[in-house]
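The values are calculated or read from the model by the stated rules, or taken from the named source; none is laboratory data. Predicted model, so just to flag it, every value in this text is computed and none were measured. We place every Cβ from the backbone using ideal geometry, glycine too, and count neighbours over all the protein chains shown. Accessible surface is based on the protein model in full, side chains and every heavy atom, while ligands, DNA and RNA are left aside. Shrake-Rupley method; radii C 1.70, N 1.55, O 1.52, S 1.80 Å.
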Amino acid sequence: MRQNLLLVTLIVLVCTPAFGLDTKTRLVGPVMTWEEADLARFNPEWVQVKFVEGSDVVLMNGKFGDQSGLDLSAVNTSIRNAMILDAHPTFRKDRTTLRAWKALGETRYGKTGPDLSLWFNLRVAGGRAAVASLINELNSSPAVEIAHPIPIVEPARLQSSHNTATPNSSVDRDRTPDFTDQQDYLFDTPVGLDAPSAWALPGGYGETMKFIDVELCWTEDHEDFAFENLFYEGGTTQDPSYESHGTSVLGEVVAQHNGYGVSGFSPAVDYGVVAIDLNLYPDVAQYFQEALDELDAGDVWLIELQMYPTGRDATPMEWLQVNYDVIWTSSWAREVVCVEAGANGSQDLDDPSWGGVFDRNQRDSGAIMVGAGTPTGRVAEYFTNFGSRMDVHAWGSEIVTTGGGNLYDGGTLQTRYTNSFGGTSGASPMIVGAGLCLQGIAKSYLGEPL
């Protein structure tokens, strides 16, 4: 195997063990004062609240209690004064399991990790003004680590990345052509990731590995996918308006090497999907946890979403503390690899105005965060977020893959291909595929994944 084979991906897959637990450091943020106007890109009903580490807060009959001596009087007064329509734990797992994950992750991370059993969801009547008011009251309590709203999210695509070109009408419709020779991102470095060097080794097609994509919709039975390898289909109702996006993502990873269509990085993996729905209850964290629950150490899940904090452009999902906490649990406690789209906001994530939430020395989720680079120049695409938090980059434009239909449309969703997929949504599945190749090789040679 040549030395340049996906080395950056290899490096970020391997976590260095931590020594000596720092029980004082847990950067949580951002804790801020919210106003109704700040919540335009957030759900108008739901609040999430996380109580301080070390407490034993439980919810009984709409009221919070604690056996560790935590003073919850101010919290319960705020709850009583607000019109609460529903209240429940954010994560539907027993506290013993969640705390075991926390303890295990802390031994690897070296700093205090999250107790996911201390997260709760509150549904509030009265619209965004009531949501903002309750959040601010909760954040004023010493018993609360952080309270925040739930964002309305979207796939990490460019707003203009719709497939509007006319498909090739000169090809033989009886058989889909082979477009693999147009997938330069698969091949020689520095333009591509040199996947053939992985394919030449045992396990290099991602054998024995599993992968789950979290977004909105897919054509799971595309002609270029091994539909029998679909091992999990979860989440909520899929939104067909986003079907092309999800299908394009899957194609980069799992498309078969069958002489037609395109070729994926790791066609031998078992693949799954977990759907969110922007029009229903948009609590993304529970779907992150659902994906995590279906995977084993070394497997990979992909966050193909971005959000919009107040006054910001498209931002990685781990900005929100509840999302960060699930990703942290995946990376450090469960050793399930998370690849996270770096989002398309043209923002410097090292800027001090972020308050250090993207500084890995202070707040490291363990996710592999992916930026978007140009296909040939190895420079940042104009739209990508950037900064030291970005671990890797891959193509952010001109990506040939399944879905769309502007490159080829055989008349069904199952026979559509594009040559214009992009954004950090397009870059991230390349890193997923590279990681799965490496994990398959590691299991073949070492008996276990990295």
Computed about the Cα centre, the charge dipole of the chain from +1 Lys/Arg and -1 Asp/Glu charges at the Cβ has a magnitude in debye, to the nearest 20, of 1080 debye
For the pair E448 and L85, the simple spin-label estimate (label points 7 Å beyond Cα toward Cβ) gives in nm 4.8 nm
Checked the range 242-397 with the C-alpha gyration tensor, a ≥ b ≥ c its square-rooted eigenvalues, rounded below a/c of 1.5, otherwise prolate if a/b is larger than b/c and oblate if not; verdict oblate
To the nearest 20 debye, the range 179-289 has a Cα-centred charge dipole, built from +1 on Lys and Arg Cβ and -1 on Asp and Glu Cβ, of 240 debye
So, with points 7 Å from each Cα along the Cβ direction, the N361-S68 label distance in nm works out to 2.9 nm
Per its Cα gyration tensor (rounded if a/c is under 1.5, else prolate when a/b beats b/c, else oblate), the range 321-450 is best filed as oblate
Ranking P142, A297, T237 by how far each Cα lies towards the positive end of the charge dipole of the chain (+1 on Lys and Arg Cβ, -1 on Asp and Glu Cβ), the top one is P142
By accessible area (1.4 Å), largest first, R378, R312 order as R378, R312
Given unit charges at Cβ for Lys, Arg (+) and Asp, Glu (-), the dipole magnitude of the range 276-346 about its Cα centre in debye, nearest 20, is 320 debye
Summed over the other residues with a beta carbon less than 9 angstrom from that of Y308, with K and R at +1 and D and E at -1, the charge totals 0
Scoring the range 297-450 by relative contact order with C-alpha pairs under 8 Å, at least six apart, yields a percentage of 22 percent
Of the residues L450, T189, F179, the Cα lying farthest along the dipole of the chain towards its positive end, which is defined by charges on the beta carbon of Lys, Arg, Asp and Glu, belongs to L450
Once all protein chains are kept in place, V379 shows an accessible area at probe 1.4 Å, nearest 10 Å², of 80 Å²
Classified through the alpha carbon gyration tensor (a ≥ b ≥ c as square roots of its eigenvalues; rounded if a/c is under 1.5, else prolate when a/b is larger than b/c, else oblate), the chain comes out prolate
Relative contact order of the range 199-338 (C-alpha contacts under 8 Å, at least 6 apart) in percent is 28 percent
Here the relative contact order (percent) of the range 264-380, from C-alpha pairs under 8 Å and at least 6 apart, is 23 percent
Within the set F91, F383, F227, GNM on the chain using Cα springs under 10 Å gives the largest fluctuation to F227
Filtered pair list for the chain (Lys only, Cα < 27 Å, 8 or more apart or interchain) has a length of 17
Length gained if D313 through R99 is fully extended, taking 0.36 nm per residue and subtracting the Cα-Cα distance, is 73.6 nm
Ignoring ligands and nucleic acids, W301 exposes an accessible area, probe 1.4 Å, in Å² to the nearest 10, of 0 Å²
Between the residues T97, T247, P151, the Cα farthest towards the positive end of the dipole of the chain, that dipole coming from +1 and -1 charges on the beta-carbon of Lys, Arg, Asp and Glu, is from T97
The simple spin-label model distance between E398 and N76, using points 7 Å out along Cα→Cβ, in nm, is 6.4 nm
One would report the antiparallel percent of DSSP beta bridges in the chain, rounded to the nearest 5, as 50 percent
